[in-house]
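Where a number appears in this text, it was derived from the coordinates with a stated rule and is not lab data. As the structure is a prediction and not an experimental result, all values here were calculated from the model. FYI the Cβ positions are ideal-geometry reconstructions off the backbone, even for glycines, and counts take in every protein chain you see.
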Amino acid sequence: HSGGQLDERADFRRPHAYRLGRARQALAAPGLGAVLVFDQYNIRYLSGTVIGEATDLENETLAFAWTRGRGVRTLDTSLGGVNSFPTDINRRGQIVGASETETGAFHAFLRDVNGDVLDLAASPGGGGVSSASAMNDRAQVVGTRAVGGVVDAFIWDERRGMRPLIEDATPSFF
């Protein structure tokens with residue numbers, strides 16, 4: 001094999017154009033307002049950015065973003081603790097995931113493009129744990145939370161805050 005960095009040898013333009021075209025085609029379907037992309041490679045091809053986490057020598061897990069132009073950079077997603085795990089990025093560059101708080105509990109977070117990190121918490125009082133799973137371009141966040149022994153899915157937006165994804169759902173345990 002020849003030397004050089006992978007990005008210098010591989011032409012990512014074709015798969016990027018193909019996957020972006022497929023996503024745009026899906027979004028053009030009547031009644032479809034968003035496409036959730038969970039696979040890190042599809043996120044890369046659609047957005048041009050890869051997000052993930054890396055563990056440093058002190059065993060701290062840090063969120064990072066990679067772009068062709070800027071390379072790898074760590075992201076401040078701190079809610080007072082050490083560890084953080086990004087799970088999704090939207091086309092505006094906002095990132096969601098879970099970050100450790102000062103108490104050691106994990107809370108869902110939203111990191112805005114300007115670097116501000118918002119603690120989405122799990123309950124109005126801040127108790128419990130939560131993790132954001134995905135977000136659309138309107139910054140509506142979905143995820144899971146556990147408060148007082150009850151686990152449910154949530155949706156969060158700036159106007160209405162965090163609420164159950166399915167209103168009046170009776171939690172089921174298995």
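Key figures for this structure:
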{"quantity": "Packing-based ranking, highest mean first, of 160-166, 98-104 given that Cβ atoms within 10 Å are counted", "calculated": "98-104, 160-166"}
{"quantity": "Sequence-distant residues sharing a close amide H with residue 120 (under 5 Å, placed H)", "calculated": "108, 109, 110"}
{"quantity": "Most to least packed among 76-84, 49-57, 123-131 [average Cβ atoms within 10 Å]", "calculated": "76-84, 123-131, 49-57"}
